[in-house]
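For reference, the structure is listed below as structure tokens.
The values are calculated or read from the model by the stated rules, or taken from the named source; none is laboratory data. These figures come from a predicted structure and were not determined experimentally. Side chains are part of the model used for accessible areas, which takes the heavy atoms of the whole protein and leaves out ligands, DNA and RNA. Shrake-Rupley method; radii C 1.70, N 1.55, O 1.52, S 1.80 Å.
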Amino acid sequence: MNNHKAKMKDVADLAGVSIKTVSRVLNNEPHVQEKLRKQVRDAVTKLGYVPSQSARSLRGNKSYDINLICHAAGGDYVSVIQFGAVIACQKLGYQLSLSLLEGLEEASFQTIKSSFESILRHHKPDGIMLVAPYAGDEKIGFVLEELGIPVVRIGPVELLNQGILVEIDDYKASIELTQHLVQLGHKKIGFVRGTENQRSSHVRYSGFCVAMNAAGLTVDPGLVAQGEFSFQSGYDAGLKLLAKDNRPTAIFASNDDMAAGIVTAANMQGLNVPYDLSVVGFDDAAVAVRMRPELTTIRQPLQELGQVAIETLIDSLTNNSINGPQRIVLDYEFVLRGTTAQISEKTITH
């Protein structure tokens, strides 16, 4: 049948169910027998039926839109999360819209509120998805709570009592990375922090400090440098740390882009990674396997974070269970590659 002519009644007739049942299945409503769901979906596929988004919105007073708020265009972190979110939205009959809002960290409450009110007017989203740094911004959290819009956040954030939070255990992962370096014999370990307005910068540094102290090692403040989660900031921090008389034998970078910058800085100084300097990163971004040697890091399941965030948000919207906070922690993976090695006598006595 031509999909432009297929109607909901055609789907109902083919599936042998009522139009109301077809509507409930298409709207992902609960309490529909799985057998009936399958009959409806099979009929939809066979007929090539495409429900009208506007009609669905009018019937249920919903837009079937989730709006992802970004603070900057580009970047592997956001784009991979976005891809996972799109997959989940398509599977569940929603669409993902994207809004770019820059500079909200320093904005007033009124500016933030006006920005989100504009999004609500134009997109009319059923829910909002936030990633760092906005996911942990208290002013944004306050505004969204005041506007009454359901929110899902990708962590880590401190706003544990507001909406849905999906994250990995950054603290535990940072401990594991640090222990890896310690087990290789490294004692002078440098650390490059990320942007200070992101919770992950603080959590990863805390994990590093705890693991160092647990190993009987002291964190040298002179071997801690500030970065901005960018290649350039990692490169600059690497040059700074490697110029010290007591330069580190290993460096923990708070993300992979900065780790790549550090490896480049080491190469510029004539140092061999990993035999003169071991480097670890965090995220397992695309750069981790494009650089040479490939990077030892923590793999965040970014696509899965996006998918689970959307699935959980839509489930809460469907079941009207958006009142209480919900925290979901996904597994991470330690990935051993070529930027770390056992410390050598040459490195110890440099």
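Things worth noting here:
- Whole-percent carbon and sulfur share, accessible surface of the chain, 1.4 Å: 51
- Helix 170-183 axis, angle to the chain major axis (alpha carbon atoms, nearest 10°): 30
- Label corresponding to Rg and Dmax of the Cα atoms in Å when calculated from the structure given, among (1) 25.0, 86; (2) 24.3, 81; (3) 28.1, 104: (2)
- Figure note: V210, V263 ranked by solvent-accessible area, largest first, 1.4 Å probe, ligands and nucleic acids not counted: V210, V263.
- Over the chain, dividing the summed -39,500 (n - 2.57) contributions of all DSSP H runs of at least 4 residues by the number of residues returns a 222 nm mean residue ellipticity of -14000 deg cm²/dmol.
- Of E304, E138, E176, the order by accessible heavy-atom surface (1.4 Å probe, DNA, RNA and ligands excluded), from most exposed downward, is E138, E304, E176.
- For the chain, a Gaussian network of Cα nodes joined below 10 Å ranks K91, K20, K139 by mean-square fluctuation, and the top entry is K20.
- Cα centroid separation - segment 285-304 against segment 185-244, whole Å: 19
- Solvent-accessible surface of protein heavy atoms, probed at 1.4 angstrom with all chains present, puts H186, H180, H31 in the order H31, H180, H186, largest first.
- Rg to Rh quotient for segment 182-308, alpha carbon positions, Kirkwood Rh: 0.95
- Protein heavy-atom accessible surface, 1.4 Å probe, per residue over the chain: 47 Å².
- Degrees separating the helix 302-318 axis from the principal Cα axis of the chain, which is the longest one: 30
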